[in-house]
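The values are calculated or read from the model by the stated rules, or taken from the named source; none is laboratory data. No experiment lies behind these values; they were computed from the predicted model shown. All Cβ positions, even for glycine, are placed from backbone atoms using ideal geometry, and neighbour counts span all protein chains on display. The area values use the complete protein model at the heavy-atom level, side chains included, leaving out ligands, DNA and RNA. Shrake-Rupley method; radii C 1.70, N 1.55, O 1.52, S 1.80 Å.
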Amino acid sequence: MKGYSLTVAASVLGLALVLSPSANVRAAELRLLAGGAMSGVWADIKPEFEQASGHKLEIFFGTTPNLIKEATSGKPFDVGVVPVEVMQDASARARFVASPTIDIAHVGLGVAVRSGTQKPEIGNADALRATLLKAQSIASIPESATGYSIAKVFDRLGITEPMKAKMRAQPNPAQVVAVVCQR
């Protein structure tokens, strides 16, 4: 299991204990909303949870806008493990129990370049700004928490408009890598 999934695993296993057959609860299907970055973690946890609890776990993975749409669709769900940006949407937030949120994971941002390409200078804001402006193209997933964060960085650096023409929207992380690797 990945290191950052231990808190998630403990939470899910705690839920499994609460809903265990010994608690006189019949097997149920639980519906979870989760950010796409957590798919690998849930792939590890889901079978363990289902075996330990006797409950089936249905997981809806999505980008931030998809999760907001799903949370506000009226379709019921039991648990949300979602990017903080989902909880910043008032309509989505209203669908969750009113209580403090708990951070269980962080997703970092990085810069990748083709193999053999000189490593870009990104050690400070001015260097990052210059590197981004020199880039021929930038691959990202705009409809994700990462895409949202990248847009905020562009805004802070004052380069939102020039970056629009360089952006190459991709549907998933594998496609981002594939586009960067193309020659």
Single residue of 141, 122 found to be open to solvent by less than 70 Å² (accessible area, probe 1.4 Å) and either modelled with pLDDT under 90 or more than 23 Å from the chain's Cα centre (by Cα) (or both): 141
Close pairs (6 angstrom Cβ cut-off, 6 or more residues apart or separate chains): under 18 Å from residue 32 (Cα atoms) in the range 84-113, modelled with pLDDT under 85 and open to solvent by 80 Å² or more (accessible area, probe 1.4 Å) anywhere: 85/148; 105/4
Among residues of the range 72-96, those that are among the basic types (Lys, Arg) and part of a helix (DSSP H, G or I), counted: 1
Matching residues in the range 160-183 - criterion: being within 20 Å of residue 144 (Cα to Cα) and either among the hydroxyl-bearing types (Ser, Thr, Tyr) or outside any helix (DSSP H, G or I) (or both): 160, 165, 166, 167, 168, 169, 170, 171, 172
Residue among 86, 107 that is surrounded by 10 or more Cβ atoms within 10 Å (Cβ to Cβ), in contact with a helix residue (DSSP H, G or I) (Cβ under 6 Å, 6 or more places away or on another chain) and at pLDDT below 90: 107
Counted residues, the range 43-82 - those being open to solvent by less than 40 Å² (accessible area, probe 1.4 Å), at pLDDT 90 or above and within 19 Å of the chain's Cα centre (by Cα): 11
